[in-house]
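Heads up, the thing below is written out as structure tokens.
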Amino acid sequence: MSFADDAYGALTDHDDDARWAYGTGFADPLAGVPTTVAGDVDRADLAAYCLMLGDDALVMSHRLQQWVTRAPELEDELALANIGLDLLGQARLLLGRAGEVEGAGRDEDALAYLRDAGEFRNVRLAERGDADFAHLVARLLVFSCWRLALLDRLTASRDPVLAAIGAKGVKEVTYHREYAAQWVVRLGDGTDLSHARMRAAMEAVLPLAGELFSTHEIEARLAAAGVAVDPALLRAEFDEAMNQVLDAATLTGLPGAAAAAQGRDGEHGPELGEILAEMQELARALPGGVW
Amino acid sequence: MSDVAVAPESAGERAFAETIEKDQRVEPRDWMPEGYRKTMIRQIAQHAHSEIIGMQPEGAWITRAPTLRRKAILLAKVQDEAGHGLYLYSAAETLGADRGDLTRRLIEGRQKYSSIFNYPTLTFADVGVIGWLVDGAAICNQVPLCRSSFGPYARAMIRICKEESFHQRQGYELLMTMMSGTPEQRAMVQDATNRWWWPSLMMFGPPDADSPNSAQSMAWKIKRHSNDELRQRFVDMTVPQAEALGVTLPDPELRWNAERGRHDFGEIDWVEFKKVIAGGGPLNAERIAHRRRADEEGAWVREAAAAHAAKATRRRETGA
Amino acid sequence: MSEEIRHEWPLFEVFVRAKRGLNHVHVGSLRAADHEMALHHARDLYTRRNEGVSIWVVRSDDVVSSGPEDKDAFFAPSGDKVYRHPTYYSIPDSVPHI
């Protein structure tokens, strides 16, 4: 075996081995997508909008990353990591687009690591910590039902980059919603204990949904220009998807959405501060470091 | 004592001996000596446990990774380790082992895992060095296992080795990038190299003279190379990589021996090795406790899923 | 009514079709509470690198297989039926398309 020089050398014995399909055909979702901004679109608005959707994904992904090595079963470690990777990928594209449109030389990392909590535009739902697995799947279900409806409409955006990100995201979030929905049903319709925990989680999470459907002035302006999605229009689709899952989970009589928090304007709870302290610690500790 | 010394008698024994002799694969339902089955289950389970416990040292850095690209790479890598653990548990289950039982053995401290994962990851350079040295050593150990005599194990190893080829490269690439950065970053890389070098050499196990199970495993073709042979290969492969990187390996006795055509290197601290194996490693208790906590905190979720599945089956059967 | 619920999830075997035109191939097993979960888990565990376009999952205890002891009775009898193979028949090279 020719092994001394190259640890992988012995693997070539198996290269003609068709037992394992080893995937190819990885594609850049933005390949060939024009990056110009239409003349009638306000660049500051567009950059801010990209940050909103990007921060939602980045912060939600962070919460999912915190579940790795402590999920209820190993298979769920893989599932949660996949969802976290999908959202991280969406965040990178959106922050990258925000920086590009802003034109001030900030890249995805400058935006992720060097902004303070007051500059983050994510909805509060994304930053909420998970007391247990029921809270996680409750939050993931609400987040995915909403985001799927949003990304689906975003595919028709006049901004070609947003439309491409929407098209990619729809495929990903469809799976996230399915994963979360199955778990909400299993826990709701499982044991007495899991039913009680799933109910408590929904009671804690559903009030946060109010913010998801309140239209920010930036969203209103960009929606009028055919670039953004007006979240108020997503409510009916969201309710239908949620009710179907909650019925199957035997969870009834749950509270509605409460008054809107203003995460979109940078008003966050202490939990975002904790997330950023963890996420940004190293990047800020070594200015000028390259990774 | 040894199964190999006994003249084959039954048809099963003859078939097994012939399979090994012809370098073919033993499959789960074939007759096999009880010692072979036990050895395989133990080795595969320990390997699986190592993948699962091995998620923790690097997993701790996912949320703190200093760029989004590194974060994605690290998350995908730690995820792979969960996947590799599962491929291996799957191989063990073909022998009649039960994953739940194996997990209990792990969290009760009754079954071992690679003691390398009992060392702490102090800086982000550790993520790079784990990829370079720890995964590099693992690959040296694992590539020959792709030809191990037990079919499901060999097949799992092929898939694992192919997937792990990115693990070592991402680590080395991170270190190269850091070496091009600030003096502080270069110091971090050297420091991490100093801390992980000797534990990496220990990953190959005790010296051949002190490795009681090796001869039997070689005879059964579970193992293809001796511990010392693999360790030597790893050293020979790593030295030029360290030079290219610009770090010093922390061994004053490490030098090229033109006569042997190999590198000479210093004696491993076997007292330390035995201490860590015996559970005295810096983070041994913490690693197990973390896994046990995840298992206990997830019990109600697994029970709920089983209860729901039973309800759904009942509903289907009664047409309700 | 009070039947015992098994808390440990059952084992499923996983088969993946790598691309259109190929058979589903056995790739390994996993644990899941039900078939839907098994499909999800199979997707997350066995197709992280574009390895598949379709997945089957089957409860492991539903698989019926021949045993090694059946090997001779099952498979040896076909060993001498060489006339089932096209190369058994000699046709002159001058005859086209056959």
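With without any contact (Cβ under 8 Å) to a residue 60 or more places away in the chain, closer than 21 Å to A:Ile165 by Cβ and of a type in the set (A, V, I, L, M, F, W, C) as the only criterion, which of A:Leu94, A:Leu85 stands out?
From the options A:Leu94, A:Leu85, the qualifying one is A:Leu85.
Scanning region B:80-117 for residues that are more than 10 Å from every other protein chain (Cβ to nearest Cβ), assigned to a loop (DSSP other than H, G, I, E, B) and farther than 15 Å from B:Glu51 by Cα turns up B:Leu95, B:Gly96, B:Ala97, B:Glu108, B:Gly109, B:Arg110. The conditions of being open to solvent by 40 Å² or more (accessible area, probe 1.4 Å) and of a type outside the set (Lys, Arg) are not met by C:Val14. The set of residues in region A:63-84 being within 24 Å of A:Arg115 (Cβ to Cβ) and either at the interface with chain B (Cβ under 8 Å from one of its Cβ atoms) or modelled with pLDDT under 95 (or both) consists of A:Gln65, A:Gln66, A:Gly84. Filtering region B:146-157 to residues that are closer than 13 Å to B:Ala91 by Cα and either surrounded by fewer than 22 Cβ atoms within 10 Å (Cβ to Cβ) or at pLDDT below 90 (or both) leaves B:Gly151, B:Ala154.
Are any of the residues in region B:287-303 within 12 Å of chain A (Cβ to nearest Cβ), surrounded by 17 or more Cβ atoms within 10 Å (Cβ to Cβ), without any contact (Cβ under 8 Å) to a residue 40 or more places away in the chain and among the aliphatic types (A, V, I, L, M)?
The answer is yes, given that some residue of region B:287-303 is within 12 Å of chain A (Cβ to nearest Cβ), surrounded by 17 or more Cβ atoms within 10 Å (Cβ to Cβ), without any contact (Cβ under 8 Å) to a residue 40 or more places away in the chain and among the aliphatic types (A, V, I, L, M).
With respect to (1) of a type in the set (A, V, I, L, M, F, W, C); (2) in contact (Cβ under 8 Å) with a residue 60 or more places away in the chain; (3) over 22 Å from B:Val127 (Cβ atoms); (4) open to solvent by 20 Å² or more (accessible area, probe 1.4 Å), the lone exception for B:Met218 is condition (2). A:Met60 fulfils the conditions (1) in contact with a helix residue (DSSP H, G or I) (Cβ under 6 Å, 6 or more places away or on another chain); (2) closer than 30 Å to B:Tyr87 by Cα; (3) within 10 Å of chain B (Cβ to nearest Cβ) except for a single criterion, (3). When the helices (runs of 4 or more DSSP H) confined to region B:9-74 are screened for residues that are of a type in the set (D, E, K, R) and either open to solvent by less than 20 Å² (accessible area, probe 1.4 Å) or over 30 Å from B:Gly181 (Cα atoms) (or both), those reaching at least 3 such residues are found at B:11-21, B:34-53.
(1) aliphatic (A, V, I, L, M); (2) more than 13 Å from chain B (Cβ to nearest Cβ); (3) surrounded by fewer than 18 Cβ atoms within 10 Å (Cβ to Cβ): which one isn't true of A:Leu193, the others all being true? It is condition (2) that A:Leu193 fails.
Against the test of being under 25 Å from A:Thr174 (Cβ atoms) and either within 14 Å of chain B (Cβ to nearest Cβ) or modelled with pLDDT of 95 or more (or both), the options A:Leu286, A:Leu212, A:Leu272, A:Leu276 yield a single qualifying residue, A:Leu212.
Could you tell me whether region A:187-202 includes any residue that is among the charged types (D, E, K, R), under 30 Å from C:His35 (Cβ atoms), at pLDDT 95 or above and not in a helix (DSSP H, G or I)?
Our first condition is that a residue be among the charged types (D, E, K, R); within region A:187-202, this holds for A:189, A:192, A:197, A:199.
From what is left, the residues that are under 30 Å from C:His35 (Cβ atoms) are A:189, A:192, A:197, A:199.
Filter once more, keeping what is at pLDDT 95 or above: A:189, A:192, A:197, A:199.
From the residues that got through so far, the ones that are not in a helix (DSSP H, G or I) too are A:189.
Checked against the condition, which is being among the charged types (D, E, K, R), under 30 Å from C:His35 (Cβ atoms), at pLDDT 95 or above and not in a helix (DSSP H, G or I), region A:187-202 yields at least one hit.
Going residue by residue through region C:45-56, is there one that turns out to be free of Cβ contacts under 8 Å to residues at least 24 places away in the same chain, among the charged types (D, E, K, R) and open to solvent by 60 Å² or more (accessible area, probe 1.4 Å)? No, there is no match, as no residue in region C:45-56 is free of Cβ contacts under 8 Å to residues at least 24 places away in the same chain, among the charged types (D, E, K, R) and open to solvent by 60 Å² or more (accessible area, probe 1.4 Å).
The values are calculated or read from the model by the stated rules, or taken from the named source; none is laboratory data. Keep in mind the model is a prediction, meaning the values are calculated, not measured. No Cβ is skipped: glycine too gets one built from the backbone with ideal geometry, and neighbour counts run over all protein chains shown. Ligands, DNA and RNA are stripped out before the accessible areas are found, and what is left, the full protein with its side chains, is counted by its heavy atoms. Shrake-Rupley method; radii C 1.70, N 1.55, O 1.52, S 1.80 Å.
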